[in-house]
Amino acid sequence: MAESFRNFINGRWVDSQQGQTFQNQNPANLDDVIGSFPLSTEADVAAAAEAAAQAYKTWRMIPAPKRGDILRRAGDILAERKDELARAMTREMGKPVFETKGDVQEAIDTAYYSATETRRLFGYNTPSELPDKMNLSFRMPVGVCGIITAWNFPMAVPSWKIFPALACGNTVVYKPSEDAPHSGNLLAEVLAEAGLPAGVFNVVHGAAQCGAAIVEHPLIKVIGFTGSTQVGAEIASRAGAMNKKVSLEMGGKNAQIVMPDADLDLALDGVVWGAFGTTGQRCTATSRLILHEAIYDDFINRLITRAAKLRLGPGLEEGTDVGPVINQKQLRRVQEYTAIGREEGALCVLGGDRADEGQLGRGCFFHPTIFINVDRNMRIAREEIFGPVLSVLKARDLTDAIEILNDTPYGLSSSLYTSNVNDAFRAVRDIEAGITYINVPTIGAEAHMPFGGVKGTGNGHREGGWTVFDIFTEWKTVYIDYSGSLQRAQIDNY
Ligand code: NAD
């Protein structure tokens, strides 16, 4: 009998009001059921939103550094439980334990960073145009925040939104992905143990209906979303019509460029990690490799040799390099894209099939796959696949490489390997992406730097770093006139 998990509303574990549930399975072994979770509806979201709105009245009054103390304790608890949490996360979403440990570490970093920032939520003071008058501005919390996330970073991505939101004095209704719901409950446990008052953080499980109910609920004032560009666009239009603040972190089609003057061994390490780490299921994964024509053939040969050695297996098994894809639907999607690549005329030089040898047949495994002779107009060069598939393209020079890199609807991460400092700065200037790495793969964001993308990847916000506080606060402008007389701005002093 599968374990039964619940929603976390107003400090209590509760079933969904309509009693429907869904099951979540281990993608490395579909017979391993993590448990059943509430398939929540509008009524559950309403209960969570009401609890969060009530809790907001007192939480926002707690001095920000005291709120920070609770987040710091949450960071300590995450650190104490790091190994156990990482194993539970690997069981439900598949990536190797060394990667889920990194995922927890990012949440720890974000907890400590947010805690520290509670002593630094700076406003601006500026002189008034009138005598005996003072102009100040403050960051104010917004209210209840609805957080909806993808499954691929089940601790780090929610922490990027939730910890800063709480630091600023907001309360939260969180819907984890239906592919990583257990991690959402683990996060609720950590925050409760850290001393977060009831109602400040609530978890409602479910799928699209539950997410849509969060977007629609009038008590929820801000939507923080990470997921596909298609769902993000739907959320943006609905939230926009309701005048809600909405921050979107969506898909990518990230590329690494390699120039002939690069350290080619380093570039090889970079692309193997960027393309096949997390089974290619990172929003920042390297899904395109753009090689200068002078090194094209040689680099491909070395890449195939290296990637062929990657060990595919369950993430809980020591020595695994690449885990499964998240579920059967995603496995079919990756299969479809490899068929599309072949039909379009690209040449598959590694992988290209589902891996079902031995125990791999019990899960959703796909061999690391490389396509060469890819043209920039092919669908495998333009569309996000979100799996272990790398498309290799050829460029004449840096200008051509950057044009190819920019030629997608997305703009999240990018990378250039070169030893030419002038080329590096040209790339920083000309690449259309929220993040550019030089001699680093397309993955590897740090918690205290802005994170997000341009074009189809985002809507102008940045999580991470100091910029996240713009999402979770509103500015309050304050004028204090101590002249004792009516002073009319723009009139009396001119
Ligand atoms: P998804 O868009 O299918 O789902 C994301 C979340 O939205 C889930 O919790 C889902 O239940 C919910 N949802 C689905 N339909 C909804 C609706 N109509 N209204 C409200 N909520 C709804 O994405 P996914 O498959 O879970 O994740 C993969 C995608 O996430 C990829 O495109 C990847 O690039 C992206 N991603 C982006 C970032 C980033 O920071 N830019 C990080 C991780 C993942």
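Looking at segment 437-450, I want the residues that are open to solvent by less than 30 Å² (accessible area, probe 1.4 Å) and have a partner that is of a type in the set (S, T, N, Q) and in a loop (DSSP other than H, G, I, E, B) with Cβ atoms under 9 Å, at least 6 apart or on another chain. Which pairs are those?
Pro441/Thr284; Thr442/Thr284; Ile443/Thr284
Among what's in segment 354-373 and is more than 27 Å from the chain's Cα centre (by Cα) and free of Cβ contacts under 8 Å to residues at least 40 places away in the same chain, pick the residue that is nearest to Glu343 (Cα to Cα). Don't jump to the end; show me each part of the working.
The initial filter retains those residues of segment 354-373 that are more than 27 Å from the chain's Cα centre (by Cα), namely 355-362, 372-373.
So of that shortlist, the ones also free of Cβ contacts under 8 Å to residues at least 40 places away in the same chain come out as 356-358, 361, 373.
Working: Asp356: 24, Glu357: 26, Gly358: 30, Gly361: 26, Asn373: 13 Å.
Checking each candidate, the answer is Asn373.
If Leu268 satisfies every condition in (1) open to solvent by less than 60 Å² (accessible area, probe 1.4 Å); (2) more than 14 Å from the ligand (Cβ to nearest atom); (3) more than 27 Å from Leu312 (Cβ to Cβ) but one, which is the exception?
For Leu268, the exception is condition (3).
Quick one: count up the residues across segment 379-390 that are open to solvent by less than 20 Å² (accessible area, probe 1.4 Å) and over 19 Å from Glu432 (Cα atoms).
Going through segment 379-390, the residues open to solvent by less than 20 Å² (accessible area, probe 1.4 Å) turn out to be 380-381, 385, 387-390.
Okay, now just the ones that are also over 19 Å from Glu432 (Cα atoms), so 380, 385, 387-390.
So the answer is 6.
Find the residue count for segment 392-414, including only residues that are in contact with a Gly (Cβ under 8 Å, 6 or more places away or on another chain) and away from the ligand (no atom under 16 Å from the Cβ).
Matching residues across segment 392-414 total 0.
Conditions (1) at pLDDT below 95; (2) charged (D, E, K, R); (3) farther than 19 Å from Ala167 by Cα, marked per residue:
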position	(1), (2), (3)
Ala86	no, no, yes
Phe98	no, no, yes
Lys101	no, yes, yes
Ala107	no, no, no
Ala115	no, no, no
Pro127	no, no, yes
Arg139	no, yes, no
Gly146	no, no, no
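In segment 153-174, how many residues are open to solvent by less than 10 Å² (accessible area, probe 1.4 Å), of a type outside the set (A, V, I, L, M) and within 12 Å of the ligand (Cβ to nearest atom)?
Within segment 153-174, residues that are open to solvent by less than 10 Å² (accessible area, probe 1.4 Å), of a type outside the set (A, V, I, L, M) and within 12 Å of the ligand (Cβ to nearest atom) number 4.
Mind checking whether some residue in segment 418-433 is within 15 Å of the chain's Cα centre (by Cα) and either in the same structural domain as Ile223 (by TED's automatic domain parsing) or within 13 Å of the ligand (Cβ to nearest atom) (or both)? Let's see the steps before the verdict.
From segment 418-433, those within 15 Å of the chain's Cα centre (by Cα) are none; that's our starting set.
Within segment 418-433 (the criterion being within 15 Å of the chain's Cα centre (by Cα) and either in the same structural domain as Ile223 (by TED's automatic domain parsing) or within 13 Å of the ligand (Cβ to nearest atom) (or both)), the answer is no, since none of the residues qualifies.
What pairs come up if the first residue lies in segment 249-260 and is over 15 Å from Leu303 (Cβ atoms) and more than 16 Å from the ligand (Cβ to nearest atom), the second is outside any loop (DSSP other than H, G, I, E, B) and among the charged types (D, E, K, R), and their beta carbons are under 8 Å apart, counting only those six or more places apart or on different chains?
Met259/Asp423
Just to verify a result, which residue in segment 292-347, among those that are within 16 Å of the ligand (Cβ to nearest atom) and out of contact with any Pro (no Cβ under 9 Å at 6 or more places or on another chain), is least open to solvent (accessible area, probe 1.4 Å)?
Tyr337
So is Val222 more than 12 Å from the ligand (Cβ to nearest atom), at pLDDT 95 or above, of a type outside the set (Phe, Trp, Tyr) and open to solvent by less than 20 Å² (accessible area, probe 1.4 Å) or not? If you could, list the steps in order and put the result at the bottom.
On the way: more than 12 Å from the ligand (Cβ to nearest atom): yes; at pLDDT 95 or above: yes; of a type outside the set (Phe, Trp, Tyr): yes; open to solvent by less than 20 Å² (accessible area, probe 1.4 Å): yes.
For Val222, the condition - more than 12 Å from the ligand (Cβ to nearest atom), at pLDDT 95 or above, of a type outside the set (Phe, Trp, Tyr) and open to solvent by less than 20 Å² (accessible area, probe 1.4 Å) - is met.
Going by the structure shown, is Glu129 part of a helix (DSSP H, G or I), open to solvent by 10 Å² or more (accessible area, probe 1.4 Å) and among the acidic types (Asp, Glu)?
Numbers: part of a helix (DSSP H, G or I): no; open to solvent by 10 Å² or more (accessible area, probe 1.4 Å): yes; among the acidic types (Asp, Glu): yes.
So Glu129 does not fit the description; no.
Just to be sure I understand, how many residues within segment 459-473 are open to solvent by 20 Å² or more (accessible area, probe 1.4 Å) and closer than 18 Å to Tyr410 by Cβ? Reasoning before the result, please.
Step one: list which residues in segment 459-473 are open to solvent by 20 Å² or more (accessible area, probe 1.4 Å), which gives 459-462, 466-467, 470.
Restricting the remaining residues to those that are closer than 18 Å to Tyr410 by Cβ gives 459-462.
So the answer is 4.
Can you tell me how many residues within segment 225-237 are within 23 Å of Pro176 (Cβ to Cβ) and more than 8 Å from the ligand (Cβ to nearest atom)?
Step one: filter segment 225-237 for residues within 23 Å of Pro176 (Cβ to Cβ), giving 225-236.
With the extra rule that they be more than 8 Å from the ligand (Cβ to nearest atom), the set shrinks to 233, 236.
Counting residues in segment 225-237 that are within 23 Å of Pro176 (Cβ to Cβ) and more than 8 Å from the ligand (Cβ to nearest atom) gives 2.
Residue by residue through segment 187-212, note down the ones that are open to solvent by 10 Å² or more (accessible area, probe 1.4 Å) and within 16 Å of the ligand (Cβ to nearest atom). First the steps, then the outcome.
Here is the first cut: in segment 187-212, the ones open to solvent by 10 Å² or more (accessible area, probe 1.4 Å) are 189, 192-193, 195-198, 207-209, 212.
Result: Ala207, Ala208, Gln209, Ala212.
The values are calculated or read from the model by the stated rules, or taken from the named source; none is laboratory data. The structure displayed is predicted, hence computed values, not measured ones. Positions of Cβ are generated from backbone atoms using ideal geometry, with glycine treated the same way; all protein chains shown enter the neighbour counts. With ligands, DNA and RNA removed, areas are computed over all heavy atoms of the protein, side chains included. Shrake-Rupley method; radii C 1.70, N 1.55, O 1.52, S 1.80 Å.
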